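Every read-out reported here was derived from the displayed coordinates using simple, explicitly stated rules and does not represent laboratory data. This one's a predicted model, so the numbers in the text were calculated from it and none came from an experiment. Cβ placement follows ideal geometry from the backbone for every residue including glycine, while neighbour counts extend to all protein chains displayed.
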Amino acid sequence: MAAASYRTGEFDIAVVSDGHIRLDGGAVFGLVPRVLWEPVVGADQIDAEHRIPLALNCMLARRGDDVVLVETGMGSKLTGAMRERIFPGDYGHLLDELAALGVAPADVTHVVNTHLHADHCGWNTVARDGAVAPTFPNARYFVQAGEYEAASHPNERTRGTYFAENFAPLAETGQLELVDGERELAPGVTFLPTPGHTADHASVALVSGGETAIYTGDLVHHAVQAERPAWIAAFDVLPLVSLETKKRLMERAVRERALLVCVHNAFPGVGRLTETDGRRRFTPE
């Protein structure tokens, strides 16, 4: 799948796909009845087990010497029943997609994870010769400190999606950098706390030349949730916090006419949110 290219100020942005996973549609839309979300998704997208496809859209932002990769998809380490039943889909394509852009793993300077669920950080590491090592040898990896703590000590609900092999090796090589709250990671690249999906979930904002792009992470699982803040995924551990966070971020998106990059919307998951007579609409680009 060819990357989709955009421009925000001085940033060259490419949305690169790791493929897609299939997850339960009811879980994606939480308390919203199927009679409402099915027409949005399309009945032809729902399989016999009521799963729907969720894209794995990663964002590559380049300016000067900075090569910033936001999210790394599912990766290639899952095998057997874990891949076939728990996380079915077609994925593991990110490195090939980057190569098609002329970007090698060694070229990446920053890797940013909005959170550490398996479908967002799988290519952080790669299995080689019986060991797991960082995929991007020259990159600093950034994650919120609270998220790293939660991932390192999962509970009964979260242990099925926090896999230490995706992040523990980064600490061992000294490439992991933990962030507390809002921080500029590179000129114009801001790590922005957006709690709700997890307590320490964060999004990424690119600001340059009076223009803004926002990578939403799992604050938005489907673009319709940007239009309708009350449509909250069952995956969100703090749903009412998610509601308020989403309202604030989407107000900014409308105000700044931000380019929104939605990780799980159909590739490339990019569009803008506008408001007319109090109603918001996500228009793909």
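Take the alpha carbon atoms of the stretch 2-52, find their center, do the same for the stretch 115-134, and report the distance between the two centers in whole angstrom. Distance between centres, Cα-based: 23 Å.
The calculated FRET efficiency for the pair residue 47 and residue 171, based on their C-beta separation and a Förster distance of 51 Å, comes to about 0.85. The ellipsoid equivalent to the alpha-carbon distribution of the stretch 4-284 has semi-axes of 26, 23, 18 angstrom, derived from the gyration tensor eigenvalues as √(5λ) and listed largest first. Dividing the mean sequence gap of close Cα pairs (under 8 Å, 6+ apart) by how many residues the stretch 4-284 holds gives a relative contact order of 19 percent.
Shape analysis of the stretch 98-185 based on the Cα gyration tensor places the equivalent ellipsoid semi-axes at 21, 17, 12 Å, largest first. Coupling constants for the stretch 58-65 follow from the phi torsions by the Karplus curve (6.51 cos²θ - 1.76 cosθ + 1.60, θ = phi - 60°), and in residue order they are 9, 10, 10, 10, 10, 8, x, 8 Hz; glycine and proline get x. Extension gain for residue 99-residue 257 works out to 53.8 nm (0.36 nm per residue, less the C-alpha to C-alpha distance). Near residue 270, the amide H atoms lying under 5 Å from its own belong to 262, 285; only residues 5 or more places off or on other chains count, and H is placed 1.01 Å from N. Shape class for the stretch 76-234: rounded, because the ratio a/c of the largest to smallest gyration tensor axis (alpha-carbon atoms, square roots of eigenvalues) is under 1.5.
Summary: within the chain, the longest segment free of trypsin sites (Lys or Arg not before Pro) located in DSSP loops with at most 14 other C-beta atoms within 10 Å is 1-156.
Top mean-square fluctuation among 240, 219, 273, Gaussian network model of the chain, C-alpha springs under 10 Å? In this elastic network of the chain, the residue with the biggest mean-square fluctuation among 240, 219, 273 is 240. For the stretch 100-140, the equivalent ellipsoid built from the Cα gyration tensor has semi-axes of 17, 15, 10 Å, listed from largest to smallest. Cβ-Cβ distance of residue 12 and residue 131, R₀ of 35 Å, FRET efficiency by 1/(1 + (r/R0)^6): the value works out to about 0.55. If the chain linking residue 155 and residue 36 were pulled fully straight, counting 0.36 nm for each residue of separation and taking away their Cα-Cα distance, it would gain 39.6 nm.
Its residues counted as N, the stretch 170-275 yields a C-alpha radius of gyration over 2.2 N^0.38 Å of 1.08. Residues whose amide H comes within less than 5 Å of that of residue 112, counting only those at least five positions distant or on another chain, are 69, 70, 71, 142 (H built at 1.01 Å from N in the peptide plane).
Annotation: amide H of residue 203 within the under-5 Å range of 192, 194, sequence separation 5 or more or interchain, hydrogens built in the peptide plane. The phi-based Karplus calculation (6.51 cos²θ - 1.76 cosθ + 1.60; θ = phi - 60°) puts the 3J(HN,Hα) values of the stretch 270-285 at 10, x, 10, 9, 10, 10, 9, 6, x, 10, 9, 9, 8, 10, x, 10 Hz, whole numbers, x for Gly and Pro.
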